[in-house]
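The values are calculated or read from the model by the stated rules, or taken from the named source; none is laboratory data. Since the model is a prediction, treat every value here as computed from it, not as a measurement. Here Cβ is always computed from backbone atoms with ideal geometry, including for glycine, and neighbour counts include all displayed protein chains.
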Amino acid sequence: MMARRTHRRFTAPAAPVVAQALAAAIFMVLAGCQPPGRSDLPPPPSAADVRPYYAYGGELEVQITGNVARVEVVVDPAPYARGGDLWAKGMPYLFLFSQGTRDALNDFPGLGGVRLVTRHPNGDVMAEALLIRGTLNDYSWRQALNVAAQARRDATERPGRMRDLVQWGEDHTEFEYNPRYISTP
């Protein structure tokens, strides 16, 4: 038995629909409105504007790519050596879920997101995570700050805190791990 194909004929929109669309476009132009989907977004901040939001005793670099701040941190390999994959996965989230990131997103409406990249001292990217503006609301920001603070404070003695942070991060960011440093199941 052969499958039946159905063909649909293209029909031009009715004249009233075209007239309505044309009238709406003319009205928007005359009223000075922009079509849906376009807006004049504020410009993104400079790298120098974003840098003070991140306090770190080690090497840290900020770049702006489009409207995303790329924050690169060279991490001490000792915690990675002791904590393995879990610490390597969690390091970006320790920086990303911080009051600094929250404040930068609040203070600069033109900032579309923050990408946190952790690097090994040899220059290799170990892990990265992108938090897009609007992903977290006030409530989820409080949760993120709490989960990250608990990991910073307790993860050495209680690895479950870092595991919680990694899970939170993976649920709320776009992330990528370097398989050379982090095995993924």
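Checking each residue of the range 129-144 against the condition of being in contact with a strand residue (DSSP E or B) (Cβ under 9 Å, 6 or more places away or on another chain) and among the aromatic types (Phe, Trp, Tyr) gives no match.
Listed by position, the helices (runs of 4 or more DSSP H) inside the range 69-170 whose residues that are among the small types (Gly, Ala, Ser), more than 13 Å from the chain's Cα centre (by Cα) and farther than 21 Å from GLU59 by Cα number at least 3 are 138-154. A search for C-beta distances below 8 Å between a residue of the range 134-157 that is on the phi > 0 side of the Ramachandran plot and any residue that is small (Gly, Ala, Ser) and loosely packed, with under 14 Cβ neighbours inside 10 Å, counting only pairs 6+ apart in sequence or on different chains, returns nothing. Within the range 82-98, the residues that satisfy the criterion of being surrounded by 14 or more Cβ atoms within 10 Å (Cβ to Cβ) and not aromatic (Phe, Trp, Tyr) are GLY83, GLY84, ASP85, LEU86, ALA88, LYS89, GLY90, MET91, PRO92, LEU94, LEU96, SER98. Is it the case that the range 129-140 has a residue that's touching a Phe, Trp or Tyr at 6+ places or on another chain (Cβ under 7 Å), modelled with pLDDT of 95 or more and closer than 22 Å to ALA48 by Cβ? Checked the range 129-140: no residue is touching a Phe, Trp or Tyr at 6+ places or on another chain (Cβ under 7 Å), modelled with pLDDT of 95 or more and closer than 22 Å to ALA48 by Cβ. Mind telling me which of the residues ARG115, ARG119, ARG102 ends up being under 25 Å from SER46 (Cβ atoms), of a type in the set (Lys, Arg) and in contact with a helix residue (DSSP H, G or I) (Cβ under 7 Å, 6 or more places away or on another chain)? Exactly one residue qualifies, and that residue is ARG102.
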